[in-house]
1. Can you find, among Met31, Pro179, Ala14, the residue farthest towards the positive end of the dipole of the chain? Put +1 on the C-beta of Lys and Arg, -1 on that of Asp and Glu.
2. I'd like the FRET efficiency for Ile368 and Asp427, computed as 1/(1 + (r/R0)^6) with the beta carbon distance as r and R0 of 22 Å, rounded to 0.05.
3. Counting only DSSP beta bridges with both residues in the chain, tell me the antiparallel percent, nearest 5.
4. How much of the calculated P(r) for region 118-223 lies past 25 Å, in percent of all Cα pairs?
5. When the chain is fully extended, how far beyond the present Cα-Cα distance does Glu356 get from Asp107, taking 0.36 nm per residue of separation?
6. Near Gly150, within a Cβ-to-Cβ distance under 10 Å, what is the net charge of the other residues, with Lys and Arg +1 and Asp and Glu -1?
7. What FRET efficiency comes out for the pair Leu32/Glu310, r = Cβ-Cβ distance, R0 = 45 Å, nearest 0.05?
8. Mind checking the full-extension length gain between His317 and Glu69? Use 0.36 nm per residue of separation minus the Cα-Cα distance, one decimal, nm.
Amino acid sequence: MALDRKPAPNDLRAFWMPFTSNRQFKAAPRMLVSAKDMHYTAADGREILDGTAGLWCCNAGHCRPKITEAVQNQVAELDYAPAFQMGHPLAFELANRLVDIAPDGIDHAFYCNSGSEAVDTALKIALAYHRARGEGTRTRLIGRERGYHGVGFGGISVGGIVNNRRFFGSLLAGVDHLPHTHLPENVFTKGQPEHGANLADDLERIVALHGAETIAAVIVEPMAGSTGVLMPPKGYLERLREITRKHGILLIFDEVITGFGRLGSPFAAQHFGVTPDMITCAKGLTNGVIPMGAVLTSGAIHDAFMTGPEHVIELFHGYTYSGNPVACAAGIATLDTYEDEGLLTRAAELDQHWQEALHGLRDLPHVIDIRNMGLIGAVELKGIDGQPGKRAFDAFLKAYEAGILIRVTGDTIAMSPPLIISKAQIDELIGKLAEVLKAID
Ligand code: PMP
């Protein structure tokens, strides 16, 4: 691009868009210019009902006054403070608020800027924790097929999405994967599926193969979002907890999607009654307004680092923007909004309505499975032979034309609306999706 000429604002070439078919998008762009509560406004003036809370992150809906105001005030008051060897009050306040809504036994928060960073931070803490306790042989990490843990090298190594891994070299050494839990006998299950708890026993096979003394941590999404909304079978997470505990292996729940009310409790850990050793979160932490992530850890993990001479840094890890004041202000105002409006438990109240509306799509063309829990759901379509993902992508494009934002992954349509959605808006979202499903080839 010539430097002597200011490019036109509508020149789309320079921005290389993430996880996007750039050429397709730039030929027919879908531009959002403003947002309020449950809706986006597109550049052509149309209102788009947000069926995905942005990218699973705007749990309180859009441009909520309390959050907007907190961010504006904080930018003017204390824009930035050094993150290392210095502090500011909001970082401590937010950490207290986070552990307050976390499961009992989760007592500390370490800040970062995204879900990917939260995952890599949690994996590093796991390795360093074992080493701090004299168990430095515990270096193996275990993820799961069809797991998504962001795009850092740690996250793609423990993650189980082929396309996210195969272009990027040899990745981390010493990683194993549990089998995914998506079983054909569970199709059209409402809520948690019956079959598959025994898949957790595969961890015993990995332990037998390598020895428990080599394994640092297991990381799973309690409910896998980005790979198609895969529910944990009944008893599965309990079994994973039992086996990890038995062998001294840390259990990490990646709650980047399930955190902050998505399943009807603050974290999925509480919904399923299983407490891991660490929880990664991001997205809904600031309602998506300012990038921020966190790793929430047990007291035992934190305390294992607090042993050496006091002037020595305990954990050689952190980011320039860890606990950025504006992000903290957004986080506190977001938690205020969730708590004032009962949003952390609202998904539990809407669960039945959501479930019935979603499963009403069962007999429509191409639908081969429907899954739901809390305020998240998936409609899986039969793929077109030789063109995986094409049918669902067509549905996404038609849905956008019809005024609803959905998300697709492979041939699965995923939806996770803001938790402020009304029953009438659920009916509108699902009703429009039904029309889309009837209209695609
Ligand atoms: N973990 C999970 C479970 C996620 O769903 C995501 C994002 N969809 C991430 C990690 C990565 O988060 P980010 O895009 O903020 O890096």
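1. Looking along the dipole axis, the top candidate is Ala14.
2. Values: r = 23 Å, r/R0 = 1.06.
After rounding to 0.05, the efficiency reads 0.40.
3. Numbers: 33 of 49 bridges.
DSSP beta bridges in the chain are roughly 65 percent antiparallel.
4. Working: 1405 of 5565 pairs.
That fraction is 25 percent.
5. On the way: separation 249, 0.36 × 249 = 89.64 nm, distance 3.75 nm.
Taking 0.36 nm per residue and subtracting the Cα distance, the gain is 85.9 nm.
6. Details: positive: none; negative: Glu117, Asp120, Asp254.
Spelling it out: positives minus negatives among the neighbours equals -3.
7. Working: r = 50 Å, r/R0 = 1.11.
E(calc), rounded to 0.05, equals 0.35.
8. Working: separation 248, 0.36 × 248 = 89.28 nm, distance 3.16 nm.
Extending this stretch completely gives an extra 86.1 nm.
FYI, it's all coordinate maths here, none of it is from the lab. Only a predicted model underlies this, so the values are computations on that prediction, with no experimental measurement involved. Positions of Cβ are generated from backbone atoms using ideal geometry, with glycine treated the same way; all protein chains shown enter the neighbour counts.
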